[in-house]
1. If we scan segment 140-153, do we find a residue that is outside any loop (DSSP other than H, G, I, E, B), within 27 Å of residue 259 (Cβ to Cβ), modelled with pLDDT under 95 and touching a strand residue (DSSP E or B) at 6+ places or on another chain (Cβ under 6 Å)?
2. Check segment 21-31 and report whether any residue there is buried (at least 19 other Cβ atoms within 10 Å of the Cβ), touching a strand residue (DSSP E or B) at 6+ places or on another chain (Cβ under 7 Å), at pLDDT 95 or above and not in a strand (DSSP E or B).
3. With the checklist (1) over 18 Å from the mean Cα position of the chain (by Cα); (2) touching a residue at least 60 places away in the same chain (Cβ under 8 Å); (3) in a loop (DSSP other than H, G, I, E, B) in hand, flag the one item residue 231 doesn't pass.
4. On the basis of being touching a strand residue (DSSP E or B) at 6+ places or on another chain (Cβ under 8 Å), modelled with pLDDT of 95 or more, farther than 21 Å from residue 24 by Cα and surrounded by fewer than 20 Cβ atoms within 10 Å (Cβ to Cβ), does residue 273 make the cut?
5. Count, please, the residues in segment 68-96 that happen to be part of a strand (DSSP E or B), touching a strand residue (DSSP E or B) at 6+ places or on another chain (Cβ under 6 Å), buried (at least 17 other Cβ atoms within 10 Å of the Cβ) and at pLDDT 95 or above.
6. Being over 19 Å from the mean Cα position of the chain (by Cα), more than 22 Å from residue 21 (Cα to Cα) and crowded, with 16+ Cβ neighbours inside 10 Å, is that true of even one residue in segment 184-206?
């Protein structure tokens, strides 16, 4: 297994996010977007200039992703919203789980066909009320799987025929067959994470189909072959790594969000970079970021 040397990993923004999540790379803006769920903020980092921008959100943003028309979609408790960074406005798009006031949205992904995949979860992390949804840009989101306490990490294989999704507290990443019509079938275990390695959180897939999985409480990121074989571990200087994405012009820089959530005072003192945005280089590129095809 090929592990990354510690000096190859850089904290590019010591933002001290309580629960950093949902990074994506905007090729047009050459910028990295992400959220801090618990501090209710949307962040944007410009590597070329080190510019750091932040906007306050009206509620807990589970993810931020691009939409056609130069705006963004943000997953909020009980709804999807359109976010316009020009004026900082949030506009409701569609309701989600209006009957589940304890739930919020958590983690999302846009596939190559422009479909938004996202999950919901019990904000108290106790009840299995979370579900996986697909939104085709109009109408109501369609439930695809359920019975999950904390959903995470939707992502697809390079050819778009496999969708990966995580049941975090079960420490299990599942794979589904993904049809061209967006329907899922043949749910199966892709990998199970052993107890001492933390909890699988967000993920990203590279051009070779390798699945990179962030580990909450696991001090890093694991890289798996499409077969499920563990290939690599990237160790971080903080315990809670939440999600990653591929960025920069060549899509070979991996940006990863982290969290201070769950750390006591002693742990925060020992992990001063917890909650920061990190970057390191990959030997292979990631996949281009698609936009939600909003109808």
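1. For segment 140-153, residues outside any loop (DSSP other than H, G, I, E, B), within 27 Å of residue 259 (Cβ to Cβ), modelled with pLDDT under 95 and touching a strand residue (DSSP E or B) at 6+ places or on another chain (Cβ under 6 Å): present.
2. No, segment 21-31 contains no residue that is buried (at least 19 other Cβ atoms within 10 Å of the Cβ), touching a strand residue (DSSP E or B) at 6+ places or on another chain (Cβ under 7 Å), at pLDDT 95 or above and not in a strand (DSSP E or B).
3. Answer for residue 231: the failing condition is (3).
4. Here the answer is no, as residue 273 does not meet what is asked.
5. So the answer is 11.
6. Yes, because at least one residue in segment 184-206 is over 19 Å from the mean Cα position of the chain (by Cα), more than 22 Å from residue 21 (Cα to Cα) and crowded, with 16+ Cβ neighbours inside 10 Å.
Yes/no matrix, rows are residues, columns are (1) without any contact (Cβ under 8 Å) to a residue 60 or more places away in the chain; (2) at positive phi; (3) over 19 Å from the mean Cα position of the chain (by Cα):
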site: 101; (1), (2), (3): yes, no, yes
site: 117; (1), (2), (3): yes, no, no
site: 125; (1), (2), (3): yes, yes, no
site: 131; (1), (2), (3): yes, no, no
site: 134; (1), (2), (3): yes, no, no
site: 138; (1), (2), (3): no, no, yes
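The values are calculated or read from the model by the stated rules, or taken from the named source; none is laboratory data. Owing to the predicted nature of the structure, the values given are computational and were not obtained by experimental measurement. Please note: Cβ atoms are built from the backbone with ideal geometry, for glycine as well, and neighbour counts cover all protein chains shown.
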